[in-house]
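Notes follow once the structure below has been shown.
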Amino acid sequence: MIAAAFGLSACGFGEQGISVSKSDPNYNGAVLFATHCSGCHTLSAAGTQGTGNRGERTQGPNLNGRTETYEDALFAIQNGGFSGAIMPQNIVVGKEAEAVARFVAKYAGEAAESSPRPGQTSP
């Protein structure tokens with residue numbers, strides 16, 4: 001069983017479709033996002049499409065069209081989103097949670113229209 005686990009980790013599970021360069025400091029966050037968050041969230045940089053219309057599972061936010069700060073992404077990871085009703089808490093923890101939050105903060109919102117965040121005014 002241990003050999004099978006090492007075999008899966010060695011074959012790059014979750015890395016197909018990632019557009020972030022392996023030399024990018026956010027690459028590890030992209031891989032973690034692809035392996036832990038792809039079931040619900042769409043984010044092109046990680047090669048993920050969420051659930052779309054493929055099932056009855058609740059769809060997480062499409063992060064292509066929504067910007068996120070590092071702090072908000074880390075909060076959501078640690079607390080199960082902002083409502084706490086659907087996303088599992090601590091789906092990744094520690095340095096892995098920080099890596100995913102950095103990745104999301106950098107790559108989320110690439111297709112978003114510029115609009116003010118809550119509490120901000122438009123330019």
With N residues in segment 15-107, Rg(alpha-carbon) / (2.2 N^0.38 Å) equals 0.98
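Sorted by packing (mean other beta-carbon atoms within 10 Å per residue), highest first, where do 96-108, 62-74 land? It would help to have the intermediate numbers written out before the result.
Numbers: 96-108: 21.9, 62-74: 17.2.
Most protected by this proxy first, the peptides run 96-108, 62-74.
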Sorted largest first, the Cα spans of segment 66-115 on the principal axes come out in Å as 29, 24, 13
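Can you work out the FRET efficiency for the pair Phe75 and Asp24, with r the C-beta to C-beta distance and R0 = 25 Å, to the nearest 0.05? Can you show the working numbers first?
Values: r = 24 Å, r/R0 = 0.95.
Approximately 0.60, to the nearest 0.05.
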So Arg66 and Ala111, fully extended at 0.36 nm per residue minus their Cα-Cα distance, gain in nm 15.4 nm
If amide H atoms are modeled at 1.01 Å from N in the peptide plane, then the residues at a separation of 5 or more from Thr48, or on another chain, having amide H under 5 Å from its own are Leu43
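Where a number appears in this text, it was derived from the coordinates with a stated rule and is not lab data. Just so it is clear, the structure is predicted and the values come from calculations on it, not from any experiment. Glycine also receives a Cβ, built like all others from the backbone with ideal geometry; neighbour counts cover every protein chain displayed.
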